[in-house]
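Worksheet: one structure, shown below.
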Amino acid sequence: MQYNFAEMNIQFFKKSKYTFLFLILFTLIALPAYYFLIKVDQKLPIYNPADVNPKLVDNSIRMFTKNHTVSDFELINQNGKKVTQEDYKGKIYVADFFFVTCKGICIPMSNNMLKLQEAFKDDDDIMFLSHTVTPELDSVPVLKAYTERKGIDDKKWNVTTGEKKHIYELARKSYFAVLDEGDGGVQDFIHTENFILIDKDKRIRGMYDGTKYENMQKIIDDILLLKEEYK
């Protein structure tokens, strides 16, 4: 009986070895492929004018459904250096709008952006860009004193001033950061809590309330996910 039982086991193994081999190959090939497909599907949305609350989008571009990118810009940073798209070429960055004398939402916004700066302090792919909405008040020396007081890293974070109409047009037509309509004139004033995540191709990939500390982990996670997309 023992011999017959052993013989049966051997016969069973011979008949089943191809099944075992198939299962091994499936595990080695199919499962990693499935995992890869799941990872590929985990992508951040790409925001175009038609995808955003119409109140945030200038009327002239609300109908566009694809190919939106941040327009070319020319600003001056806290060191008096000209800042353009070239400084952000091949970078992922978070943009916002503020003013130095703001005693309200700008305080938590700057503190939260500092959290992001700390999280990516050693990552050269990640940068930050702040625009003053009161360029007539926030001169280069004012911005320099502000960045030194806050502990802003000049190599990662440009805090900028420039021509008011240009900054306000960027807010409304590039970053979709502002609810209020306006022309960037003397009486125009914008105040927005939005943080905007921009990818290496100048596209909007995320929009967040920058006053909320709990949103910073979401931004960190989204940046890490976006980095995977470029690997």
Flagged as over-length at 26 Å C-alpha distance, from K155/K200; K121/K202; K156/K200; K89/K144; K164/K218; K155/K218, the pairs are K164/K218
In square angstrom, what is the accessible area per residue of the range 53-197 with a 1.4 angstrom probe?
47
Given H placed on each backbone N at 1.01 Å, which residues far from F97 in sequence or on other chains put an amide H within less than 5 Å of it?
H131
3J(HN,Hα) from dihedral phi, the range 115-131, Karplus parametrisation 6.51/-1.76/1.60, rounded to Hz, x for glycine, proline:
5, 5, 4, 5, 5, 10, 4, 9, 10, 5, 6, 10, 9, 9, 9, 10, 10
A correct Karplus calculation of ³J(HN,Hα) over the range 139-147, with 6.51 cos²θ - 1.76 cosθ + 1.60, θ = phi - 60°, whole Hz and x for Gly and Pro, returns 6, 4, x, 5, 5, 4, 4, 5, 5
So in the range 87-231, what percent of DSSP beta bridges are antiparallel if you round to the nearest 5?
40
Can you give me the long-range amide H partners of M127? Hydrogens built in the peptide plane at 1.01 Å from N, cutoff under 5 Å, separation of 5 or more residues or another chain.
I92, Y93, V94
Would you grab the residues whose amide H sits under 5 Å from the one on V83? Only those 5+ places off in sequence or on another chain, please, with H modelled 1.01 Å from N.
L75, I76, N77
Return the sequence-ordered ³J(HN,Hα) values of the range 96-105 in whole Hz as given by the Karplus equation 6.51 cos²θ - 1.76 cosθ + 1.60 applied to θ = phi - 60°, using x for Gly and Pro.
8, 10, 7, 8, 4, 7, 4, 10, x, 5
Ranking by accessible area, most exposed first, for E118, E228 with a 1.4 Å probe:
E118, E228
Evaluated at 4 °C and 1.567 mPa s, the Stokes-Einstein D of the range 74-231 based on the Kirkwood radius over Cα pairs, in µm²/s, stands at 83
By a straight-distance test (C-alpha under 17 Å), which lysines pair with K103 as possible cross-link partners, with residues fewer than eight away in the same chain excluded?
K150, K212
Protection-proxy order for peptides 49-59, 125-135, each taking the mean of Cβ atoms within 10 Å per residue, highest first:
125-135, 49-59
Rg to Rh ratio, the range 64-108, alpha-carbon atoms and Kirkwood radius?
1.05
Note the full-extension length gain between D51 and K66 as 0.36 nm times their separation in residues minus their Cα-Cα distance, in nm to one decimal.
4.5 nm
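The values are calculated or read from the model by the stated rules, or taken from the named source; none is laboratory data. As the structure is a computational prediction, the values presented were derived from the model and not from experiment. All Cβ positions, even for glycine, are placed from backbone atoms using ideal geometry, and neighbour counts span all protein chains on display. For accessibility, only protein heavy atoms count, side chains too; no ligands or nucleic acids. Shrake-Rupley method; radii C 1.70, N 1.55, O 1.52, S 1.80 Å.
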